[in-house]
Amino acid sequence: MATRAVLRGVALALVAVLSAACSTVQTGGTVFAVGGGRGGDALSQPYVRILPEEPKPKGSPLDIVTGFLAAAASFDDPLRARAREYLTGDAQRTWSPFDAVTVYEGSLALDTPRVDIQQTRVTLKGAVLGTLDGDGHYVPSDAAAGGDTGREFTLVKVQDEWRISSAPSGLWLTGDDFRRTYRSFNLYFAAYQRAGLVADQVRVPINPSEGLAKSLVHRLLLGPTAPLRGAVESTFGPNVDVNDVFVENDTVVVDFTYGLVESALAEGRREALAAQLSWTLKPLTESRRIEVRVNGEQFPGGPFVIDPRDYDHFDPNVLAQPQAYYLQQGRLHRLDKESDNPVVVGVGQPGARQFTHLAVSNDQAVKVAALEKAGGVYVSGITPGSQWQRWIDGAHLTPPSWDRYGDLWSVVQQGPRKAQVLRAHDATRQFPVSAPGLEASDVKAFRVARDGARVAVIADHGDGERVLVGSVNRHEWKIQNLRPLVPASESQQIIDIAWRDADTLLVLMKSKADSELRTWSVTQGVPVEEPKTAARIESVAAAPDPATILARRANGEIAVWTPKSQWTTVVKDGADFPAYPLG
């Protein structure tokens, strides 16, 4: 009796909480607040269901289109059988809900006010917010279709009832419908040489018949989204599927088909496979242990149990305890977090060479790189007696950028709208890297992300500076999948960029009125924080978790962004651009 009373109280509390969220969901179906998946399974997440209604008898054209859009948004009807009832027979055969997902905000308008005719049109008017591609990758409207929707529904009378004879392909969802129907998750894939993991954000549809955890694992097995193909690897292989995901004695059990055995037993794959699975499921499993089974049986050769703590070193952000450096009067300094007093490091005795724009590696034996004002990128260790060596030659080079593999990157400007990406691993030779999307541009900055898979670029193709993001295909040595993150604007100039963490980019912009520092999610393609004031700031550097941000002011000061939302000076004058390892 007591147990039933407690459970009843929990259920009522859950319904009360979810009912408050239901007020933002469009009408057109019966609303239910429920838990997902099997009862008692901690992997289950509550969600709001809208059961689609059948067409309203003698419904107006607006009623029919409104009901159709509501029915099409229902994940409880994955084949959209109810939505098809709003269509004519021919339209049922031609309309596909699987072509694409378009997210919009707007309203419906009846083009023809008369209702005694046999054909009319209803127009969906408003703005496209973004699209969801076949990978489950969301593309905001600036990089997708953009602009007004202007989509038309043609309706005809069928046995004196209005039905849709022509509808836009795919699903058209309001922002509320989209957030209710899809959940945002990071998938994790192995970086080049399985050196770590790379996050790949997707939207996973709610499917009550299989549960969110199984849907997430199933999406992981499909591989990375288009922007990261060729830059990352899935260690699961092509012949693996998931049977089920459930909790047993506080252990999360993931049951795969037999194809997993070949993938897991392949040389060097088991550890990366376990890392991919545990990092991907972490938001749902709360870091509990995971047991991998095959067709309901124990993994061949003995239990395959994953403790997520064993895979912390696969962190895409790479850095454990980031340390900031800068140049001052020709010598390298390290910021001391304990005393706020800079520490002079052995390298960089004052001399004839003038260096600027520091970059710091993440090697066990730290190396620093810098631009020489006369030309070239030079590299040195940081121990006493270390000497500068030229690794990259050129007169018009972007500031250097290290990657997690110890490669140094820069872009040489060979002429107007003529850029060449360069890479060097030591002082013996520099290598050109193919970058079709940059070769006909002026490149101002080129930064490799800490995960080693992504790049961010400030480039001008003749129509203004913009920030592009892409990926590094290390098998072909190619910069690929470049797409705009921050569009060009006549009213703003892009000053600098810096990676804050593996998939978040800081963008320093200056307008006639003011300067601001914005934080952009590369995976979502949108700003994710309020802009920070950036008066007199000309460069930035950042580190992940906690997100420490440094900036250099035009007078040679270095300032840190504090939790009080202000800049605090830590170096008073004469400092060059600060840098954290990588990024």
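Taking the fewest neighbouring Cβ atoms within 10 Å as the starting point, the ordered list for 141, 441 is 141, 441.
What the phi angles of region 475-486 give under the Karplus curve with 6.51, -1.76 and 1.60, with θ = phi - 60°, is a coupling list of 6, 10, 6, 8, 8, 10, 6, 5, 8, x, 9, 10 Hz, glycine and proline written as x. Maximal additional length on extending the residue 310-residue 152 stretch stands at 51.5 nm, based on 0.36 nm per residue less the C-alpha distance. Between residue 566 and residue 417, the modelled label-to-label distance comes to 4.8 nm, taking each label 7 Å out from Cα in the direction of the beta carbon.
To the nearest 20 debye, what charge dipole does the chain have about its Cα centre, counting +1 at the Cβ of each Lys and Arg and -1 at the Cβ of each Asp and Glu? Walk me through the intermediate numbers first.
Numbers: 61 positive and 68 negative charges, 150 e Å.
So the dipole magnitude of the chain works out to roughly 720 debye.
With the highest mean first, a sort of the peptides 558-565, 189-196, 443-450 on other beta-carbon atoms found within 10 angstrom per residue produces 443-450, 189-196, 558-565. Once you reduce region 364-391 and region 192-221 to the center of their Cα atoms, the two points are 41 Å from each other. Per q in 0.15, 0.17, 0.19 1/Å, what log10 I(q)/I(0) does a Debye calculation on the alpha-carbon atoms of region 117-204 return? For the requested q values the scattering log ratios are -0.74, -0.85, -0.96. A straight chain from residue 210 to residue 289 at 0.36 nm per residue would run longer than the Cα-Cα distance by 26.3 nm.
Site pair residue 195 and residue 160 shows an inter-label distance of 7.4 nm when each label is modelled 7 Å from Cα along Cα→Cβ. To the nearest 0.05, what FRET efficiency results for residue 490 and residue 528 with a Förster distance of 25 Å applied to their C-beta separation? Once rounded, the FRET efficiency stands at 0.50.
Each Cα pair under 8 Å and six or more residues apart adds its separation to the average, and for the chain the resulting relative contact order is 9 percent. Protection proxy ranking, highest mean first, for peptides 223-232, 56-65: 223-232, 56-65, where packing is the per-residue count of other beta-carbon atoms within 10 Å, averaged.
Taking 21 Å as the limit for the C-alpha separation, the pairs 214/282; 367/444; 373/444; 510/532; 418/512; 282/478 exceed it in the case of 367/444; 418/512; 282/478.
Each of 378, 580 was scored by other Cβ atoms within 10 Å of its Cβ. Listed from fewest to most, they are 378, 580. Over region 325-571, Cα pairs under 8 Å with separation of 6+ residues give a relative contact order of 9 percent. Note on 188, 311: ascending count of other Cβ atoms within 10 Å places them as 311, 188, the fewest first.
For region 325-571, would you read off the P(r) tail past 30 Å as a percentage of all alpha carbon pairs?
Details: 7087 of 30381 pairs.
Roughly 23 percent, once rounded to a whole number.
The GluC sites (Glu not before Pro) of region 468-521 that meet both conditions, a loop assignment by DSSP and at most 16 other Cβ atoms within 10 Å of the site Cβ, are 476, 490. With unit charges on the beta carbons (Lys and Arg positive, Asp and Glu negative) and the dipole taken about the Cα centre of the chain, which residue among 385, 189, 59 sits farthest to the positive side? It is 385, whose Cα lies furthest towards the positive end.
As a check on your grasp of the helix formula, calculate [θ] at 222 nm for the chain: sum -39500 (n - 2.57) over DSSP H runs of n ≥ 4, divide by the residue count, round to the nearest 500. Write out the running numbers ahead of the final one.
Values: 8 runs with 82 residues, N = 583.
Rounded to the nearest 500, it is -4000 deg cm²/dmol.
Computed extension gain for residue 344 through residue 244, at 0.36 nm per residue and net of the alpha carbon distance, reaches 30.3 nm. Distance from the alpha carbon centroid of region 429-506 to that of region 271-291 works out to 32 angstrom. Taking label positions 7 Å along the Cα-Cβ direction at both residue 535 and residue 372, the computed distance is 4.0 nm, reported to one decimal.
Every number in this text was worked out from the coordinates using simple rules, so none of it is lab data. As the structure is a prediction and not an experimental result, all values here were calculated from the model. Here Cβ is always computed from backbone atoms with ideal geometry, including for glycine, and neighbour counts include all displayed protein chains.
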